[in-house]
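What follows is one structure encoded as structure tokens, with my remarks underneath.
The values are calculated or read from the model by the stated rules, or taken from the named source; none is laboratory data. Everything numeric in this text was worked out from a predicted model, so none of it was measured. Cβ: placed from backbone, ideal geometry, glycine included. Neighbour counts: every protein chain shown. The area values use the complete protein model at the heavy-atom level, side chains included, leaving out ligands, DNA and RNA. Shrake-Rupley method; radii C 1.70, N 1.55, O 1.52, S 1.80 Å.
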Amino acid sequence: MNPDVIIIDTGIVQENSIGNVIGGMGLTDEDSDFEDDNGHGTQCANIIAQMCEAQPNIFAIKALNQNMESSLDTLIEALEYTRKLNIRTINLSLTTIKKKSRSRLQPIIHKLKSEGKIIISSAPNQGYLGYPAACDGAIGINGAILQGNSDYWYNKSKVIQCIANKTPNLVKSISDSYKMFGGTSKATATVTGIVLNILIKKPDLKYEELEVLLQTFAERKLWKTNDVIGANTFNFDSVEVLGQSKLNNEIKEILFSYFKKRDRDITAEQLASTKLIDLLYPNDFFEILKEIEAITGVSINYNGVDYRVFSSISTLTKFIEHT
């Protein structure tokens, strides 16, 4: 059985989706189609698909424009539209921190829950309360740096019930590129994939029963705010330092050449002494892997490459050695 999901976001690029796009609609000012011109929606869809045991069927509602902007009216319109679709699960990797929005969002969230919809919604990356995540009837998602990609914490009594892994991973985006995608948006898409896997086996599960199952299988059920803060720091200090292997030296030369071609003033000494990840811009991750692939002949599966692979030249070398 292939699970169904509605993604309300920036749209989707169908040919770049791992999932099966069964339809969509656009609600932004620019146009009425659901083509993704930002990448965020496509990235959410592909995280969901990566997490699913079966290829998901995706209906995309484009409610965010190219700049990830929308209005409360548009979001409510998108949520109202989902009532016409025979699809239970809704992914909302978006949020607003305006408290007055809660009073306008709560009625439609209640309505959707009463009709059997399951709304999975991200909290802001800054740790504030956001909506619809903090609305009664939505499963709110915050993010933390957890060990396993599918690890999560769950407490159905909390306003934001779930903490999921927000560690950035490479994921297919628009324009045939791969982007590092993390934060609460990625955490939310991860939980949506987990929920879809549960619904594959138990398609008639009620919202309350789903929450019980999510809490039962969670890594943690109890936590304090400081626990979340403590789980939001990358630990790059415990990496294995490799010797001066041929591949290690080759990757150093590739990196030095890469930065030089882009007029980035980085010396060989800096490259040797600085954490690699501190030198990288968002587009560098995919481009560097492409350079390594072209020069070494190694075939790399870009999907799901962990951010921490780039913590140092040693960790990058180790990753390539095991590819």
Subset of the stretch 37-60 that is open to solvent by less than 10 Å² (accessible area, probe 1.4 Å) and in a loop (DSSP other than H, G, I, E, B) - its residue that is farthest from residue 189 (Cα to Cα) | 39
Just checking, which of 109, 119, 87 is open to solvent by less than 20 Å² (accessible area, probe 1.4 Å) and in contact (Cβ under 8 Å) with a residue 60 or more places away in the chain?
-> 87
Using the structure shown, decide if residue 18 is touching a helix residue (DSSP H, G or I) at 6+ places or on another chain (Cβ under 6 Å), more than 24 Å from residue 133 (Cα to Cα) and open to solvent by 30 Å² or more (accessible area, probe 1.4 Å).
-> yes
Residue count, the stretch 265-286, condition of a type in the set (Val, Ile, Thr) and modelled with pLDDT of 85 or more, comes to 2
Do we find that residue 8 is under 21 Å from the mean Cα position of the chain (by Cα) and open to solvent by 60 Å² or more (accessible area, probe 1.4 Å) in this structure?
-> no
Residue check for residue 101: open to solvent by 20 Å² or more (accessible area, probe 1.4 Å), closer than 18 Å to residue 131 by Cα and modelled with pLDDT of 95 or more = no
Could you check residue 81 against (1) surrounded by fewer than 20 Cβ atoms within 10 Å (Cβ to Cβ); (2) touching a residue at least 40 places away in the same chain (Cβ under 8 Å); (3) under 25 Å from residue 201 (Cβ atoms) and say which number it fails?
-> (3)
Helices (runs of 4 or more DSSP H) wholly in the stretch 133-236 with at least 2 residues that are over 22 Å from residue 44 (Cα atoms) - which ones?
-> 207-216, 225-230
Consider only pairs whose beta carbons are under 6 Å apart and that are at least six residues apart or on different chains; among these, list those whose first residue lies in the stretch 246-272 and is touching a residue at least 40 places away in the same chain (Cβ under 8 Å) and whose second residue is loosely packed, with under 15 Cβ neighbours inside 10 Å.
-> 254/295
When the residues of the stretch 21-36 are filtered to those that are in contact with a Gly (Cβ under 6 Å, 6 or more places away or on another chain) and not aromatic (Phe, Trp, Tyr), which remaining residue is surrounded by the most Cβ atoms within 10 Å (Cβ to Cβ)?
-> 36
Do we have any residue at all in the stretch 251-264 that's assigned to a loop (DSSP other than H, G, I, E, B), in contact with a helix residue (DSSP H, G or I) (Cβ under 6 Å, 6 or more places away or on another chain) and either of a type in the set (A, V, I, L, M, F, W, C) or modelled with pLDDT of 95 or more (or both)?
-> no
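For (1) open to solvent by less than 50 Å² (accessible area, probe 1.4 Å); (2) touching a Ser or Thr at 6+ places or on another chain (Cβ under 9 Å), each residue gets a yes or a no:
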{"position": "230", "(1), (2)": "no, no"}
{"position": "261", "(1), (2)": "no, no"}
{"position": "269", "(1), (2)": "no, no"}
{"position": "280", "(1), (2)": "yes, no"}
{"position": "299", "(1), (2)": "no, yes"}
{"position": "304", "(1), (2)": "yes, no"}
{"position": "311", "(1), (2)": "yes, no"}
{"position": "314", "(1), (2)": "yes, no"}
Of the residues in the stretch 158-177, how many are more than 15 Å from the chain's Cα centre (by Cα) and under 19 Å from residue 131 (Cβ atoms)?
-> 4
